1. Does Phe16 count as open to solvent by 70 Å² or more (accessible area, probe 1.4 Å) and at pLDDT below 75?
2. In the stretch 101-110, which residues are open to solvent by less than 80 Å² (accessible area, probe 1.4 Å) and under 18 Å from Leu86 (Cβ atoms)?
3. Taking the condition more than 38 Å from the chain's Cα centre (by Cα) and either part of a helix (DSSP H, G or I) or at pLDDT 75 or above (or both), does Ile60 pass?
4. Tally the residues that are touching a helix residue (DSSP H, G or I) at 6+ places or on another chain (Cβ under 9 Å) and either more than 20 Å from Asn81 (Cα to Cα) or in a loop (DSSP other than H, G, I, E, B) (or both), restricting the search to the stretch 111-122.
5. Could you please tell me which pairs satisfy a Cβ distance under 7 Å, a separation of 6+ or placement on different chains, a first residue in the stretch 123-149 that is over 12 Å from Val99 (Cβ atoms), and a second residue that is assigned to a strand (DSSP E or B) and of a type in the set (Lys, Arg)?
Amino acid sequence: MASYKGTYSNEQSLNFVIPIMIILFLGVIYVMTQRAGSGFVSFILIGVAALTMFYWARVIKKMTADQKPLYTAAREQETKNWVYDLIRGEEEFVFVAEVPGPEDKIAVRLLEGILYIRGTAGFERKIPIDGAGEMQISDFKYRNGVLTLRIK
């Protein structure tokens, strides 16, 4: 099953919508100039309308640039609530944590003292383990959503 890796960006959608709004606005201005003739009042009204359009385009762009996606806050909260146990022995470590997903979708690596864990539903964690620079994962067990590693 394919997964979507991209993220939604308000700025990307605005870069598409604002030019379309400006083109439509220019079309309305063109129609107004064709109907109004060459009066001085119509020229002033068209100028005021153009300035208003550019002002609102900037306001809309600024409002959406200040917003953060809602899913980011939820993911940060989820990361803060994740708990693991690291039991330090004389010559080994035992690492225990809940990791979502079936066993064949769980990926674990230990590189230069950092334990990398990947599960399903976008679950990824990096755990620094002090004193495990030259150690390797010697035992991998995953049962009922609980990952147990022995690092020697």
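The values are calculated or read from the model by the stated rules, or taken from the named source; none is laboratory data. Just so it is clear, the model here is predicted, and its values are computed rather than measured. Cβ atoms come from the backbone with ideal geometry, glycine included; neighbour counts cover every protein chain shown. When the accessible area is computed, the model is the full protein with side chains, heavy atoms only, and any ligands, DNA or RNA have been set aside. Shrake-Rupley method; radii C 1.70, N 1.55, O 1.52, S 1.80 Å.
1. yes
2. Within the stretch 101-110, Ile106, Val108, Leu110 qualify.
3. no
4. 3
5. Ser138/Arg150; Asp139/Arg150
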